[in-house]
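Worksheet: the structure to be examined is printed underneath.
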Amino acid sequence: MIVEEIRNAFAILTEPTPSEIKEVLSRLPLSADAFASCMPSSDGLPYGGEVLFRTNDVEIVLIYLPPGHESAPHDHGSSFGWEYVLQGELMNINHSVIPGSSRAPAYVSVQETMSVASGQVYFIEKGQIRQTPVISLNVYSPPLSGCKEYRISPDCLLPETESTGKGAAL
């Protein structure tokens, strides 16, 4: 079963580098069909997420974002990771924080929009604020914590909530 293969492959990693995580992902037989039996339900939320494996150094999350839904803009706290697109096309919108001053608050603006096709991987940098519609397998190191979601205001995106990562960020 694919979940066991993932656990066996990632259990040996301690303080992995981005290249080590990508290498492990590249050796796994990943496909949407392989995850059919453990596909998370969105249960009325914009998306569903299922933690498949977690150690002190790595967390692997299966994400399902139904058609017509999108995630809120969010970051991944102090984690970096790789996102492997299992099905669909990832339209990733990255934002950057524009520092505020005594006259104006900080705000977040669109930095880039990129498309990632099924079967491809995308690197998620620490602190990167993004939106994502897709079915994907996400690997984070260290495990998610301190993630923030952002609400959209007419002029900018403002930090709204902080969570442990479960359900808050893709």
For this session: Would you tell me the accessible area of F80, worked out with a 1.4 angstrom probe on the heavy atoms of the protein chains, in Å² to the nearest 10?
Result: 20
For this session: Based on alpha-carbon positions alone, could you give the equivalent ellipsoid semi-axes of segment 1-77 from the gyration tensor, as √(5λ), descending, whole Å?
Result: 24, 16, 11
Exercise. At a probe radius of 1.4 Å, what is the per-residue accessible area of V110, in Å² to the nearest 10?
Worked result: 90
For this session: Please give the per residue accessible area of segment 1-91, computed with a probe of 1.4 Å over protein heavy atoms only, in Å².
Result: 49
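The values are calculated or read from the model by the stated rules, or taken from the named source; none is laboratory data. All of these numbers come straight from a predicted model, not from anything done at the bench. When the accessible area is computed, the model is the full protein with side chains, heavy atoms only, and any ligands, DNA or RNA have been set aside. Shrake-Rupley method; radii C 1.70, N 1.55, O 1.52, S 1.80 Å.
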